[in-house]
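Have a look at the structure below, then the notes.
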């Protein structure tokens, strides 16, 4: 990839500008060819995307006896009453076509002896329907193939090493982006004028102290869209992967769910299987149930371990090379020893609200992949549906943009952009991420959520550091919506409201203004309480 100077960025363009170099961004760029596209990626392609770390694969009803209807039914059941059923069915029906696209781009999906796509089983799926590459190498193989295809496509221009810090708007429509060179806090901002922007910036995992996501997954796309006025959907629903490998690494390596699909069990330090008493499906229960089980066992001081000794033993390295390598690097042999695990922020069901075509509430802005909220995942994502959603909606976005005439912006409105930006103090980021984990994590309660809302609102309002402000914007949206949803559903569990309420079986639709109002009301309540005399 070529390096690009500021002159290459500070110009009006009739290119489609895609922010993000993960699966959704690259797939959309390829689907738009031969239309000119500029892809802006903060990290070198393939290095900052959660896709590359995905170990499961892509859910697709391609096996004999399976159907799109069955896949959609499983998706709806996992989503705890909030899945848009039409979206889930559309997603399942398009899966086969998108798998064929990926095969065309060179993804070497595993096949059986008859040459058919090999499929495996994952939690809460009623059939074997996960297409994969060499067991747990799907994400890496998909990204490698797509990067190669992008590099071979003349209509795609890639600009690496720049992060989007703000969306610029004009009369309620997108007019461009404010960008800054990554790793250079003192660098001047640069602006790119464009009326067609696709956000594919990934999730929010790095807002948490324990996560399986890369550092680039810090909620940036959600923040800049929210600050520009976009509607945000379901931000309170965060999925925690139950089995991150606890060996002191940030991000934490992942012990894929497929291990449990192959018979690995969860045990405590006494060797007892603790999930048997919690759910009829035990280790294969929905992720939120398993995450809470693991969390509770750790909180009770019993520890939690994934035991694959009987299920896989000597075959571990061959079947799951990625997990095996992570364990061996930390001095654990998973063929003969249980693997220490803990829940980690893994996937965000919420995001920028989009319609069936990936359009947001802002004219000229589309969103795809984890940064978006399509309604497909509801309150709890079904395993391996995320990569499927990314390719299905990336293709829809490309089709939607494909038929449009795009005009160049005449000018940029920069009045809302602050000049200052310093390096983010490590302690600020550490404190921030710790609060997300302790106050807005696997198990939540009103008091700690209110404290988090007040804290994030103050940072969002007062900090001059743009990166920290964007992190605080997304954290505020998550915490405020979690505080407002007074029930437990899917990935959102409130110990003070532990049951599901039928009256709340609807998606959250919110804005940054609404989250700020919640923060203001909570601050007033605190001030009122503190002003009262002790014997009042």
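The values are calculated or read from the model by the stated rules, or taken from the named source; none is laboratory data. Please read these numbers as outputs of a predicted model, since none were measured by experiment. Here Cβ is always computed from backbone atoms with ideal geometry, including for glycine, and neighbour counts include all displayed protein chains.
Results, tabulated for the structure shown:
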{"quantity": "Matching residues, region 215-229, being buried (at least 24 other Cβ atoms within 10 Å of the Cβ) and assigned to a helix (DSSP H, G or I)", "calculated": "220, 221, 222, 223, 224, 225, 226"}
{"quantity": "Among (1) in a helix (DSSP H, G or I); (2) under 19 Å from residue 82 (Cα atoms) - the single one residue 487 does not satisfy", "calculated": "(1)"}
{"quantity": "Failed item in (1) more than 16 Å from residue 208 (Cβ to Cβ); (2) at pLDDT 95 or above, with residue 474 passing the rest", "calculated": "(1)"}
{"quantity": "Options 24, 61, 43, 29: the member that is more than 19 Å from residue 368 (Cβ to Cβ) and either modelled with pLDDT of 95 or more or part of a loop (DSSP other than H, G, I, E, B) (or both)", "calculated": "61"}
{"quantity": "Evaluation of residue 168 against (1) closer than 18 Å to residue 105 by Cα; (2) surrounded by 21 or more Cβ atoms within 10 Å (Cβ to Cβ) (one fails), failing number", "calculated": "(1)"}
{"quantity": "Residue that is farthest from residue 378 (Cα to Cα), among those in region 490-525 that are in contact with a helix residue (DSSP H, G or I) (Cβ under 7 Å, 6 or more places away or on another chain) and assigned to a helix (DSSP H, G or I)", "calculated": "523"}
{"quantity": "Qualifying position, being within 20 Å of the chain's Cα centre (by Cα), part of a helix (DSSP H, G or I) and buried (at least 16 other Cβ atoms within 10 Å of the Cβ), among 123, 95, 72", "calculated": "95"}
{"quantity": "Only listed residue being within 18 Å of residue 239 (Cβ to Cβ) and either touching a strand residue (DSSP E or B) at 6+ places or on another chain (Cβ under 9 Å) or at pLDDT below 95 (or both), chosen from 368, 375", "calculated": "375"}
{"quantity": "Residue list for region 163-209, restricted to those being farther than 26 Å from residue 357 by Cβ, in a strand (DSSP E or B) and within 20 Å of the chain's Cα centre (by Cα)", "calculated": "163, 165"}
{"quantity": "Any hit, region 251-259, residues being more than 22 Å from residue 140 (Cα to Cα) and not in a strand (DSSP E or B)", "calculated": "no"}
